[in-house]
Amino acid sequence: MISAIVAGLVFLVLALAQSGLFIGRLGVFSIPDPDMHSSGTYALVSGQMFNRRQDRVDQYGNIIHEQYLKGTGAYLDVPADNAVVADLLTSVLLTNYDVSPPQARSVAWQRETLNMQKDKKIDGAYRSSQYSFMNYIPQAMGLKVGQATHRSPYGQWQMARIFNLAFYLIVMVAAIVVAPVGRPLIMALGLLPPSMLMASSIMCDPQFLALSVLFLAVLGRVAYNGDPMGRSSYAVMVLLVIWLAWGKTNYAAVSLLALVLPSRVLSWRRKAAAVAVSGVAFVPWLYWHGNFSALNYMASKADNDGVGMLRKLVTNTYNTIMLYRFGCLDIISLACTMAVLLVFVYCMAGRVAASGIGRMDEEPRTLTGRVRVFLSDNRYAVTAVAVAFMESFIASWFVLTTWNEIPDMGTFGLIRGFQGRYMLPIAALLLMPVLDKAIRERPE
């Protein structure tokens with residue numbers, strides 16, 4: 001327990017050092033989709049998250065839904081600097097990086113711009129409900145505290161940023177303390193510069209990573225102990241699945257890992273009850289999505305033919321999991337691929353060593369029997385691969401149907417719009433091979 005607490009404290013210190021750099025050098029609105037995250041936060045603070053959406057026909061002929069908000073320029077006309085995470089990291093690490101306009105990412109320029117338009121009355125259509133309001137609870141709390149303490153408009157948004165960071169750190173430290181194995185992997189994943197840049201912003205993406213890691217840590221704890229799951233762990237896992245389902249539905253696929261827990265740990269009756277509770281809790285999301293969710297398109301939905309869509313979904317999901325980019329590997333992808341291979345080799349070597357010469361006589365002699373034993377011994381790793389494909393498949397489907405010109409897309413490259421930040425919660429599944437190995441080597 002002491003080592004877990006020490007690991008959590010080390011993570012906290014390193015994370016705060018990184019976040020200080022990002023908060024000090026990047027403006028609040030220098031993030032991907034700043035209009036969506038800022039309006040989503042403000043809609044929750046101002047009580048407008050349930051404003052009825054309105055329909056209109058866009059330039060592609062799609063019927064789109066928009067949510068209308070009212071407020072001031074301090075909240076609805078922010079100095080947005082829409083950029084991908086990789087470009088933002090480059091601009092922080094390289095001071096001479098070319099940004100257009102040059103001052104767009106500076107804290108001072110965004111603060112001054114916000115002050116100039118703080119009294120301007122605004123109403124219009126926003127992307128405030130593309131994600132559910134659940135994703136903006138920490139940011140909204142921070143913005144509300146900033147308003148209550150009479151901070152400047154920019155200071156209020158900084159508070160939203162800090163509260164989002166605090167939520168991320170609390171959840172990640174909890175995961176590090178709870179996890180029975182794989183703490184270095186959790187720390188490395190949580191301390192990646194892209195992870196910390198997002199955690200130091202008003203984006204909701206770091207929540208998906210933190211909640212996924214915490215779910216896997218709790219699952220790992222109960223699986224490693226081998227005892228019947230307690231009520232508190234059961235409740236926490238169900239709550240995390242519901243939160244992920246409401247936040248970004250594809251990441252709730254991690255719940256499938258709970259279904260492969262041994263019956264002595266989680267009976268099928270309790271598994272069925274968890275599925276039922278999660279399903280009932282998802283019904284309000286379906287109502288919200290059908291009546292309040294707003295989403296724009298960047299392509300004609302009429303071009304999305306079924307056969308072509310399925311082919312591209314399968315191809316691009318495979319390419320995403322294998323971390324290929326247009327037929328070759330870049331440096332980051334190569335590093336990630338090597339890490340996956342090392343974990344696999346490490347786990348397989350442990351599998352052989354754990355079996356030993358003496359166990360060879362006990363192994364089933366038929367191929368079916370050996371496959372059954374392998375799947376049982378590596379149940380979490382095998383399921384994690386299926387979950388990774390499922391999460392990538394759903395994310396690819398969303399991007400394909402909204403942000404891309406389907407007929408012009410290549411067959412073998414990663415789909416345009418599928419960014420590295422989508423992979424971070426999926427990368428957390430690397431904990432599962434480590435868990436399988438630890439369970440095999442656990443003292444009886």
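The values are calculated or read from the model by the stated rules, or taken from the named source; none is laboratory data. Model, not experiment: these values are computed from the prediction. Because the Cβ atoms are built from the backbone with ideal geometry, glycine has one as well, and the counts that use them run over all protein chains shown.
Suppose the filter is in a helix (DSSP H, G or I) and modelled with pLDDT of 95 or more; does L211 pass it?
It is true that L211 is in a helix (DSSP H, G or I) and modelled with pLDDT of 95 or more.
Consider L14 carefully, then state whether it is part of a strand (DSSP E or B), at pLDDT 90 or above and of a type in the set (A, V, I, L, M).
No.
Keeping to the stretch 347-390, report how many residues are aromatic (F, W, Y), within 19 Å of P262 (Cβ to Cβ) and modelled with pLDDT under 85.
Total meeting the criteria: 1.
On the given criteria, is I202 in contact (Cβ under 8 Å) with a residue 40 or more places away in the chain and outside any helix (DSSP H, G or I)?
The answer is yes for I202.
Checking the conditions here, which among T315, T337, T320 is hydroxyl-bearing (S, T, Y), modelled with pLDDT under 65, buried (at least 16 other Cβ atoms within 10 Å of the Cβ) and part of a helix (DSSP H, G or I)?
Details: T315 fails: modelled with pLDDT under 65; T337 fails: buried (at least 16 other Cβ atoms within 10 Å of the Cβ).
None of the other options fit; the residue is T320.
Restricted to the stretch 400-422, and to residues that are under 15 Å from the mean Cα position of the chain (by Cα) and surrounded by 20 or more Cβ atoms within 10 Å (Cβ to Cβ), which residue is modelled with the lowest pLDDT?
That would be F418.
Go through the residues of the stretch 225-242 one by one and say whether even a single one is modelled with pLDDT of 90 or more and of a type in the set (D, E).
There is at least one residue in the stretch 225-242 that is modelled with pLDDT of 90 or more and of a type in the set (D, E).
Just one of the numbered conditions (1) at pLDDT 90 or above; (2) not in a loop (DSSP other than H, G, I, E, B) is not true of G47; which one?
The one condition G47 does not meet is (2).
Confirm whether S132 is buried (at least 20 other Cβ atoms within 10 Å of the Cβ) and either at pLDDT below 80 or touching a Phe, Trp or Tyr at 6+ places or on another chain (Cβ under 6 Å) (or both). Walk me through how you get there before you give the answer.
Values: buried (at least 20 other Cβ atoms within 10 Å of the Cβ): yes; either at pLDDT below 80 or touching a Phe, Trp or Tyr at 6+ places or on another chain (Cβ under 6 Å) (or both): yes.
Answer is yes for this residue.
Restricting the search to the stretch 130-145, which residues are hydroxyl-bearing (S, T, Y) and either over 15 Å from D35 (Cα atoms) or not in a helix (DSSP H, G or I) (or both)?
Matches in the stretch 130-145: Y131, S132.
Using the structure shown, decide if R25 is touching a His at 6+ places or on another chain (Cβ under 9 Å) and more than 16 Å from D123 (Cα to Cα).
Values: touching a His at 6+ places or on another chain (Cβ under 9 Å): no; more than 16 Å from D123 (Cα to Cα): yes.
So R25 does not fit the description; no.
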